[in-house]
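The values are calculated or read from the model by the stated rules, or taken from the named source; none is laboratory data. Keep in mind the model is a prediction, meaning the values are calculated, not measured. Backbone-built Cβ (ideal geometry, glycine too); neighbour counts: all protein chains shown.
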Amino acid sequence: SLQGTVAEPKASSVAEPLLLNAVRGEDVERPPVWLMRQAGRNWFTSYAHLTNTDHAILLDEIFIPFTSKSYQIICEKHPSFRERSENVDLVVEISLQPWKVFRPDGVILFSDILTPLSGMNIPFDIVKGKGPVIFNPLRTADDVDQVREFVPEESVPYVGEALTILRKEVENKAAVLGFVGAPFTLASYVVEGGSSKHFTKIKRLAFSQPKVLHALLQKFATSMAKYIQYQADSGAQTVQIFDSWATELSPVDFEEFSLPYLKQIVDTVKQSHPNLPLILYASGSGGLLERLALTGVDVVSLDWSVDMAEGRKRLGPDVAVQGNVDPGVLFGSKEFITNRINDVVKKAGKGKHILNLGHGIVVGTPEENVAHFFEVAKGIRY
Ligand code: CP3
């Protein structure tokens with residue numbers, strides 16, 4: 001038998017993905033680049049006033065642009081979002097679509113921040129024409145008591161399996177990204193019952209029964225730390241934490257209802273996985289940047305509410321930066337797109353920069369402009 005005689009290549013002899021090298025501040029020739037599909041925030045805040053019929057029409061158009069046809073074909077065959085995101089083969093196939101077409105430096109798992117909820121005894125769906133729906137929104141101490149702590153290997157084995165396959169498929173030519181929702185953002189969905197415009201229900205809970213909300217946030221913090229560890233153990237090389245709605249909180253309330261739980265997640269994960277880079281994103285975070293850095297994450301993903309040069313300065317030299325390009329830029333001419341890429345690269349400076357949009361690609365973005373974005377990005381040399 002050959003067992004034991006053929007040495008496995010040592011991990012250190014295999015080139016690490018550019019994205020990881022960039023985050024660690026190593027000498028890289030260009031910034032790594034990747035994009036994501038999800039664009040819930042913009043869509044919902046801009047169209048929340050419309051009726052359900054309008055929503056349905058808009059939702060039909062939403063994910064056409066990014067690797068459009070192949071994703072649409074899968075959606076027609078498998079109209080349920082939960083099926084698409086909870087079946088290993090479909091998750092792998094959809095995750096690899098952008099990789100096959102654009103060869104980005106990061107490949108994000110196809111999933112949703114709400115995916116863990118059913119395993120926590122919070123039934124939900126993502127409904128075409130409506131977005132996320134929580135069937136029994138949580139409002140009381142009793143409701144929160146019913147929430148189970150998450151055991152990823154039991155509840156979402158397909159996530160681990162998909163990440164392991166993705167890691168093999170992509171080799172080390174790109175980094176495989178996992179992701180989780182942050183406690184406050186998850187709480188906002190389960191308390192509001194879905195997407196929200198004014199966040200009145202969660203704010204009523206926060207400001208009239210803070211202990212109940214804290215109990216819920218604590219359950220999410222413990223569960224999401226475990227979920228990140230599980231994703232890393234399954235093959236994710238970096239994990240992005242989405243606190244999409246954190247900026248609905250004023251800075252003092254962010255310090256009470258979000259920051260401590262983010263810190264707890266980061267501390268827990270850093271103890272078990274000291275070399276796993278963590279990325280943090282919040283929409284509209286210009287007013288909270290310094291506080292986002294206090295969580296201890298390695299990368300802060302900026303939206304376009306702040307200038308990259310100022311954001312970089314405010315975050316300090318230890319934190320890497322991602323994003324910042326307005327997704328709307330992809331509606332401009334090729335020359336305009338090129339200029340905006342060059343601008344953000346110059347302002348971010350050499351190293352510790354992941355080129356990306358400030359949020360996901362939006363409705364109707366011309367696919368050729370997405371291709372142009374990647375082409376220019378990959379041609380950059382510091
Ligand atoms: O590029 C990718 O494949 C990204 C995968 C991804 C999805 N959701 C798939 C998805 C990611 C990273 C998410 C995260 C997510 N989900 C966030 C955080 C990012 C952000 O937008 O700030 C949030 C807030 C959600 C919750 C969510 N999921 C909403 C609000 C919606 C519906 C509204 C909308 O924009 O469509 C979803 C559904 C969803 N999740 C879709 C996708 C591709 C669209 C529905 C579909 O494809 O059937």
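Considering 137, 98, 132, 104, which residue is of a type outside the set (Lys, Arg), assigned to a loop (DSSP other than H, G, I, E, B) and under 17 Å from the mean Cα position of the chain (by Cα)? Lay out the reasoning, then the answer.
Values: 137 fails: under 17 Å from the mean Cα position of the chain (by Cα); 98 fails: assigned to a loop (DSSP other than H, G, I, E, B); 132 fails: assigned to a loop (DSSP other than H, G, I, E, B).
Going through 137, 98, 132, 104 in turn, just one is of a type outside the set (Lys, Arg), assigned to a loop (DSSP other than H, G, I, E, B) and under 17 Å from the mean Cα position of the chain (by Cα): 104.
State yes or no: is residue 303 within 16 Å of the ligand (Cβ to nearest atom), without any contact (Cβ under 8 Å) to a residue 60 or more places away in the chain, among the acidic types (Asp, Glu) and buried (at least 22 other Cβ atoms within 10 Å of the Cβ)? Walk me through how you get there before you give the answer.
Numbers: within 16 Å of the ligand (Cβ to nearest atom): yes; without any contact (Cβ under 8 Å) to a residue 60 or more places away in the chain: yes; among the acidic types (Asp, Glu): yes; buried (at least 22 other Cβ atoms within 10 Å of the Cβ): yes.
Yes; evaluated as a whole, the condition is true for this residue.
Report yes if residue 126 is near the ligand (Cβ under 10 Å from one of its atoms), within 19 Å of the chain's Cα centre (by Cα) and modelled with pLDDT of 95 or more, otherwise no. Full working, then the answer.
Values: near the ligand (Cβ under 10 Å from one of its atoms): yes; within 19 Å of the chain's Cα centre (by Cα): yes; modelled with pLDDT of 95 or more: no.
No: the conditions fail for residue 126.
Given (1) modelled with pLDDT of 75 or more; (2) within 10 Å of the ligand (Cβ to nearest atom); (3) of a type outside the set (Lys, Arg); (4) in contact with a Pro (Cβ under 8 Å, 6 or more places away or on another chain), where does residue 39 come up short, assuming only one miss?
Unmet condition: (1).
Mind checking which residues of the stretch 168-190 are out of contact with any helix residue (DSSP H, G or I) (no Cβ under 8 Å at 6 or more places or on another chain) and either charged (D, E, K, R) or free of Cβ contacts under 8 Å to residues at least 40 places away in the same chain (or both)?
Across the stretch 168-190, the qualifying residues are 168, 171, 173.
Kindly evaluate residue 76 against the criterion of being free of Cβ contacts under 8 Å to residues at least 60 places away in the same chain, over 22 Å from residue 369 (Cα atoms) and either more than 10 Å from the ligand (Cβ to nearest atom) or among the charged types (D, E, K, R) (or both). Explain how you work it out, then say what you get.
On the way: free of Cβ contacts under 8 Å to residues at least 60 places away in the same chain: yes; over 22 Å from residue 369 (Cα atoms): yes; either more than 10 Å from the ligand (Cβ to nearest atom) or among the charged types (D, E, K, R) (or both): yes.
Yes, satisfied.
Taking the conditions exactly as written (in contact with a Pro (Cβ under 8 Å, 6 or more places away or on another chain) and buried (at least 23 other Cβ atoms within 10 Å of the Cβ)), does residue 191 satisfy them or not? Even if it seems obvious, please write down each step before you answer.
Working: in contact with a Pro (Cβ under 8 Å, 6 or more places away or on another chain): yes; buried (at least 23 other Cβ atoms within 10 Å of the Cβ): yes.
So residue 191 fits the description; yes.
Of everything in the stretch 187-206, what is among the hydroxyl-bearing types (Ser, Thr, Tyr) and either in a helix (DSSP H, G or I) or under 30 Å from residue 16 (Cα atoms) (or both)? Give them in sequence order. Lay out the reasoning, then the answer.
As a first pass, look at the stretch 187-206 and keep what is among the hydroxyl-bearing types (Ser, Thr, Tyr): 188-189, 195-196, 200.
Across the stretch 187-206, the qualifying residues are 188, 189, 200.
Just to verify a result, which residue in the stretch 194-216, among those that are hydroxyl-bearing (Ser, Thr, Tyr) and buried (at least 18 other Cβ atoms within 10 Å of the Cβ), is farthest from residue 237 (Cα to Cα)? Quick ask: steps written out before the conclusion?
Of the stretch 194-216, the ones hydroxyl-bearing (Ser, Thr, Tyr) are 195-196, 200, 208.
Checking the rest, the ones that are also buried (at least 18 other Cβ atoms within 10 Å of the Cβ) come to 195-196.
On the way: 195: 30, 196: 32 Å.
Here the residue is 196.
Would you say residue 237 is in contact with a Pro (Cβ under 7 Å, 6 or more places away or on another chain), more than 14 Å from the ligand (Cβ to nearest atom) and either at pLDDT 95 or above or within 28 Å of residue 195 (Cβ to Cβ) (or both)? Walk me through how you get there before you give the answer.
Numbers: in contact with a Pro (Cβ under 7 Å, 6 or more places away or on another chain): yes; more than 14 Å from the ligand (Cβ to nearest atom): yes; either at pLDDT 95 or above or within 28 Å of residue 195 (Cβ to Cβ) (or both): yes.
Judged against the criteria, residue 237 is a match.
The conditions are (1) farther than 17 Å from residue 237 by Cα; (2) within 16 Å of the ligand (Cβ to nearest atom), and residue 170 fails exactly one of them. Which is it?
For residue 170, the failing item is (1).
Applying the selection to the stretch 243-253, what residues are assigned to a helix (DSSP H, G or I), more than 16 Å from the ligand (Cβ to nearest atom) and under 22 Å from residue 358 (Cβ atoms)? Even if it seems obvious, please write down each step before you answer.
From the stretch 243-253, those assigned to a helix (DSSP H, G or I) are 246-248, 251-253; that's our starting set.
If we keep only those that are more than 16 Å from the ligand (Cβ to nearest atom) as well, we get 251-253.
The answer is 251, and nothing else.
Name the single residue that is farthest from residue 306 (Cα to Cα) among those in the stretch 346-382 being of a type in the set (Phe, Trp, Tyr) and either crowded, with 17+ Cβ neighbours inside 10 Å or free of Cβ contacts under 8 Å to residues at least 60 places away in the same chain (or both). Steps first, answer last, please.
Residues of the stretch 346-382 that are of a type in the set (Phe, Trp, Tyr), as a first pass: 373-374, 382.
Narrowing the set further to residues that are either crowded, with 17+ Cβ neighbours inside 10 Å or free of Cβ contacts under 8 Å to residues at least 60 places away in the same chain (or both) leaves 373-374.
Working: 373: 21, 374: 23 Å.
Ranking the qualifying residues of the stretch 346-382, first place goes to 374.
Which one of 184, 179 is part of a helix (DSSP H, G or I), within 16 Å of the ligand (Cβ to nearest atom) and among the aromatic types (Phe, Trp, Tyr)? Give the steps one after another, and end with the answer.
Details: 179 fails: part of a helix (DSSP H, G or I).
Among 184, 179, only 184 is part of a helix (DSSP H, G or I), within 16 Å of the ligand (Cβ to nearest atom) and among the aromatic types (Phe, Trp, Tyr).
Could you pull out the residue among 150, 110 that is away from the ligand (no atom under 16 Å from the Cβ) and either under 14 Å from residue 186 (Cα atoms) or in contact with a helix residue (DSSP H, G or I) (Cβ under 7 Å, 6 or more places away or on another chain) (or both)? Steps first, please.
On the way: 110 fails: away from the ligand (no atom under 16 Å from the Cβ).
Only one candidate qualifies: 150.
Being of a type in the set (Asp, Glu) and farther than 24 Å from residue 243 by Cβ, is that true of even one residue in the stretch 92-107? Full working, then the answer.
Residues of the stretch 92-107 that are of a type in the set (Asp, Glu), as a first pass: 93, 105.
Checking the rest, the ones that are also farther than 24 Å from residue 243 by Cβ come to 93.
The answer is yes, given that some residue of the stretch 92-107 is of a type in the set (Asp, Glu) and farther than 24 Å from residue 243 by Cβ.
Every residue in the stretch 309-329 that is more than 19 Å from the chain's Cα centre (by Cα) and either buried (at least 22 other Cβ atoms within 10 Å of the Cβ) or hydroxyl-bearing (Ser, Thr, Tyr) (or both), please.
Answer for the stretch 309-329, where residues must be more than 19 Å from the chain's Cα centre (by Cα) and either buried (at least 22 other Cβ atoms within 10 Å of the Cβ) or hydroxyl-bearing (Ser, Thr, Tyr) (or both): 311, 312.
For the stretch 338-348, state whether one or more residues are part of a loop (DSSP other than H, G, I, E, B) and more than 17 Å from the chain's Cα centre (by Cα). Steps first, please.
First pass over the stretch 338-348, keeping only residues part of a loop (DSSP other than H, G, I, E, B): none.
Scanning the stretch 338-348, I find no residue that is part of a loop (DSSP other than H, G, I, E, B) and more than 17 Å from the chain's Cα centre (by Cα), so the answer is no.
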